[in-house]
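See below for the structure under consideration.
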Amino acid sequence: MFYPARGSPSVEAAAESHDERLGRELKHARPARWLLVGAPNVGKSALFNRLTNLYVTVSNYPGTSVELTSALRSDGDRPVEVVDTPGLYSLLAVTEDERVARRAVLDASDATIIHVVDASHLERALPLTLQLLALQRPLVLACNLMDEAEARGAAPDLAALEERLGIPVVGTVATTGRGVDDLARRAALAHTPVDGWGLPEPYAALARRVAHEGEGARALIEAELALAGDPEFEPQLAAECGAWPEIANERERQHGGPEGYAVGLATSRRRMALALLDGVIPSAGINARDQKRLDNLLLSPWTGIPLIALVLYLAFYQFVGRFGAGTAVDWIEGVLFGRWIEPASEAAVRSLVPWEAVQDLLVGPYGLLPLGVRYAVAIVLPIVGAFFLVFAALEDSGYLPRLALLLDRAFKAIGLSGRAVIPLVLGFGCNTMATLVTRTLETRRERVITTLLLALAIPCSAQLGVVLGILSIAPGAVMIWMAVMLAVFLGVGWFAARLLPGEPPVLHMELPRLRLPRPGNVLVKTGTRMRWYFAEIFPLFLLASVLLWFGDLTGLLQAATRLLEPAVEAISLPAAAAPAFLYGFFRRDFGAAGLYDLAGQGALGPAALTTAAVTITLFVPCVAQFLVMRKERGLSVAVTVLVVATTVAFAVGGAVGWTLRAVGGWQ
């Protein structure tokens, strides 16, 4: 076999003496550092939470751990810094999140690397393990999701794998804590593995010439990446290596160029991984066949698209739209606030506070309680909570990556890969949060297009619920609104893809195992996002309320409203709808809620309702989303999106209203 023999007395004695010596020095050493590395959807974040008792969002889609997350763990008398990295399939990085993770790995010369893998799919993960072994760093292999591997009859022989690799191999179930203490103990005693895991030949010979043999394991890995055409390392090492032209010519003769070198090296490592796993993992059972059948159903356009429609109808329309935006909002707003909280609060403020301006700030038309708190808690919170619950269940089931793969071909027409479905779907919860998630997309072109579509044609959950509530008054209006939104989404995306330069993106995404959502995971993730809502979004409602109160007090609000009235009247809406559009810039759902009030007063007929719903959905993003766009994409892109959204909103809204009156006979 190609792997080094294990179990010799000299190796075991050396390892034992090293462990004993390390154990004696733990109390006096500086804080240790553990780096969690692995592909998306293998439970790194859940394991991070168990190791540190700190929760970060656990998701079945790439993008949750976009930035490095760290926390201290108390390991006896010695603190340990645990770092959670973005998803990484290989050191030959493709996406920005992979490049961030790779930089963390290459720079962590003093850290113990914990490679977290799915115990059911070791053949996919082990090539990266071999790359990490070649770095000659302390390394532990955490085979997570052992319960699922056991349920499938595919649990690996961990002792045999540890013997072959020469590093600690620990089975874990991060969601329950099984094996986590053992993992921490083995990580604390981990040491640099023995030699024997360098690059396979003939690829190593070229890498040694680039790296100037003797400069260390990291230099060889960087040389490998340069020879494989990595855009970060190839230009750098080509400039530093005087023999690069000769080496590049040899690479062309032997391997057909950088792509051939990369493919050949990856194939060689995969063969090594399969040989290592010979006899370590049992044959797949019937559950694997069931998984394949389910995947075929979900990924085929003939069955997958009807299933998407069913999910959208049941989860988003019935649960989020009708229950969250209907039943829950009606009770919280009508009973809890309308009957109990607001009357008592207004009476108390009017009797205790002598200044009229302060009274208006607290309980006036634009006051903190009736506008900020009522909108945030009574109208938006039930809808957002229902959406987060549904989204967490879809995440935990493993369905979202399959949705991305199914839509990949269609998304290519608008310059996106199926990977963009993650922030786009997330935008139905909160566009501000979804704009942050666009940083996980591979190219700047894809990030800009997705940001534009989020700002223009994706209503957040709060706005969506209110819009659906408005349109329920007019039969057929919901279908018209949906058709218009889809047409704008595809049309603007198509034009943007042709105006912005760049190559079509390629989808790289691993499919996690399908499973029934675990109630504990779903509730924890929903609770975490609800805390985020109260910490990040709720203050914006209060700020918007204060700004509107100040504008009303100074007359600025009335002046801005008068400026909007001609544009609103130009699309055949009453001037009374102008404030709703102004509110929409402070919070998109503010504007929708303002139209909801007008609809309840009977001020809008079916054609005006549909026109208003289309226009307010396409209208400018809220101030929070605008600020995030400025931070993520730059001021010029943010202002361009603002101008495009305003222009498209009134143009399309006016066209819809005119068509309904002229052709449909609506008033």
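Regarding residue 661, is this residue closer than 28 Å to residue 536 by Cβ, assigned to a helix (DSSP H, G or I) and open to solvent by 10 Å² or more (accessible area, probe 1.4 Å)? It is false that residue 661 is closer than 28 Å to residue 536 by Cβ, assigned to a helix (DSSP H, G or I) and open to solvent by 10 Å² or more (accessible area, probe 1.4 Å). Scan region 339-350 and give yes if some residue there is closer than 30 Å to residue 407 by Cα, loosely packed, with under 14 Cβ neighbours inside 10 Å and either touching a residue at least 40 places away in the same chain (Cβ under 8 Å) or out of contact with any Lys or Arg (no Cβ under 8 Å at 6 or more places or on another chain) (or both), otherwise no. No, region 339-350 has no match at all. Put simply, of 436, 405 the only residue that is assigned to a helix (DSSP H, G or I) and within 24 Å of residue 317 (Cα to Cα) is 405. Taking the listed residues 562, 513, 529, 518, the one that is within 24 Å of the chain's Cα centre (by Cα) and open to solvent by 60 Å² or more (accessible area, probe 1.4 Å) is 518, with no other qualifying.
Considering only residues of region 147-160 that are open to solvent by 50 Å² or more (accessible area, probe 1.4 Å) and charged (D, E, K, R), which is nearest to the chain's Cα centre (by Cα)? Only one residue fits best here, namely 150. For region 285-379, no helices (runs of 4 or more DSSP H) sit wholly inside it while including 1 or more residues that are under 28 Å from residue 553 (Cβ atoms) and in contact with a strand residue (DSSP E or B) (Cβ under 8 Å, 6 or more places away or on another chain). If you go through region 212-261 and keep only what is open to solvent by less than 20 Å² (accessible area, probe 1.4 Å) and touching a residue at least 40 places away in the same chain (Cβ under 8 Å), you end up with 221, 224, 225, 228, 230, 247, 251, 261.
Take the residues in region 187-209 that are part of a loop (DSSP other than H, G, I, E, B) and at pLDDT 80 or above; name whichever of them is least open to solvent (accessible area, probe 1.4 Å). Spell out how you get there, then give the answer.
Going through region 187-209, the residues part of a loop (DSSP other than H, G, I, E, B) turn out to be 189-202.
Next, only the ones that are at pLDDT 80 or above stay: 189-192.
Values: 189: 48, 190: 10, 191: 52, 192: 68 Å².
Top of the filtered list is 190.
Exactly one residue out of 540, 557, 499, 553 is out of contact with any helix residue (DSSP H, G or I) (no Cβ under 8 Å at 6 or more places or on another chain) and either surrounded by 15 or more Cβ atoms within 10 Å (Cβ to Cβ) or farther than 30 Å from residue 295 by Cβ (or both), and it is 499. Only one of the listed residues (125, 111, 119) is open to solvent by 10 Å² or more (accessible area, probe 1.4 Å) and modelled with pLDDT of 90 or more. That residue is 125.
Being out of contact with any Phe, Trp or Tyr (no Cβ under 8 Å at 6 or more places or on another chain) and either open to solvent by 10 Å² or more (accessible area, probe 1.4 Å) or in a helix (DSSP H, G or I) (or both) is the requirement here; does residue 642 meet it? Before you say what the answer is, go through the steps one by one.
Values: out of contact with any Phe, Trp or Tyr (no Cβ under 8 Å at 6 or more places or on another chain): no; either open to solvent by 10 Å² or more (accessible area, probe 1.4 Å) or in a helix (DSSP H, G or I) (or both): yes.
For residue 642, the condition - out of contact with any Phe, Trp or Tyr (no Cβ under 8 Å at 6 or more places or on another chain) and either open to solvent by 10 Å² or more (accessible area, probe 1.4 Å) or in a helix (DSSP H, G or I) (or both) - is not met.
Can you tell me which residues in region 68-105 are open to solvent by less than 30 Å² (accessible area, probe 1.4 Å), over 18 Å from residue 190 (Cβ atoms) and in a helix (DSSP H, G or I)? Listed by number, the residues that qualify are 97, 98, 101, 102. From 449, 422, 470, which residue is modelled with pLDDT of 85 or more and open to solvent by less than 20 Å² (accessible area, probe 1.4 Å)? Going through 449, 422, 470 in turn, just one is modelled with pLDDT of 85 or more and open to solvent by less than 20 Å² (accessible area, probe 1.4 Å): 449. Taking residue 651, is it at negative phi, outside any helix (DSSP H, G or I) and open to solvent by 20 Å² or more (accessible area, probe 1.4 Å)? Considered against the rule, which asks whether it is at negative phi, outside any helix (DSSP H, G or I) and open to solvent by 20 Å² or more (accessible area, probe 1.4 Å), residue 651 comes out as no. There is no residue in region 316-329 that is on the phi > 0 side of the Ramachandran plot, out of contact with any His (no Cβ under 6 Å at 6 or more places or on another chain) and open to solvent by less than 30 Å² (accessible area, probe 1.4 Å).
In summary, residue 294 fulfils each of the numbered conditions (1) under 30 Å from residue 361 (Cβ atoms); (2) in contact with a Leu (Cβ under 7 Å, 6 or more places away or on another chain); (3) not charged (D, E, K, R) with the single exception of condition (1).
Scanning region 346-356 for residues that are modelled with pLDDT under 90 and touching a helix residue (DSSP H, G or I) at 6+ places or on another chain (Cβ under 7 Å) gives 346, 350, 353. Applying the condition of being open to solvent by less than 70 Å² (accessible area, probe 1.4 Å) and either among the aliphatic types (A, V, I, L, M) or out of contact with any Asp or Glu (no Cβ under 9 Å at 6 or more places or on another chain) (or both) to region 269-283 and asking which residue is nearest to residue 153 (Cα to Cα) yields 281. Residue under question is residue 384, and the condition is that it be β-branched (Val, Ile, Thr) and open to solvent by 10 Å² or more (accessible area, probe 1.4 Å); does it hold? In short, no.
Select from region 161-177 the residues that are out of contact with any strand residue (DSSP E or B) (no Cβ under 8 Å at 6 or more places or on another chain) and crowded, with 16+ Cβ neighbours inside 10 Å and write down the one among them that is nearest to residue 146 (Cα to Cα). First the steps, then the outcome.
As a first pass, look at region 161-177 and keep what is out of contact with any strand residue (DSSP E or B) (no Cβ under 8 Å at 6 or more places or on another chain): 163-164, 166, 175-177.
Filter again for crowded, with 16+ Cβ neighbours inside 10 Å, leaving 164, 166, 175.
Numbers: 164: 20, 166: 21, 175: 11 Å.
In this case the residue turns out to be 175.
Do the conditions hold for residue 503, that is, is it in contact with a His (Cβ under 9 Å, 6 or more places away or on another chain) and either assigned to a loop (DSSP other than H, G, I, E, B) or at pLDDT 80 or above (or both)?
Details: in contact with a His (Cβ under 9 Å, 6 or more places away or on another chain): no; either assigned to a loop (DSSP other than H, G, I, E, B) or at pLDDT 80 or above (or both): yes.
Criteria not met by residue 503.
Here residue 280 meets each of (1) more than 30 Å from residue 597 (Cβ to Cβ); (2) in contact with a Pro (Cβ under 7 Å, 6 or more places away or on another chain); (3) assigned to a helix (DSSP H, G or I) with one exception, condition (3). The residues in region 611-637 that are in a helix (DSSP H, G or I) and touching a Leu at 6+ places or on another chain (Cβ under 8 Å) can be counted, and the count is 12.
The values are calculated or read from the model by the stated rules, or taken from the named source; none is laboratory data. Note that this is a predicted model, so its numbers are computed, not measured. Neighbour counts run over all protein chains shown; Cβ positions are idealised from the backbone, glycine included. To get the accessible areas, we keep the full protein, side chains included, count just its heavy atoms, and leave off ligands, DNA and RNA. Shrake-Rupley method; radii C 1.70, N 1.55, O 1.52, S 1.80 Å.
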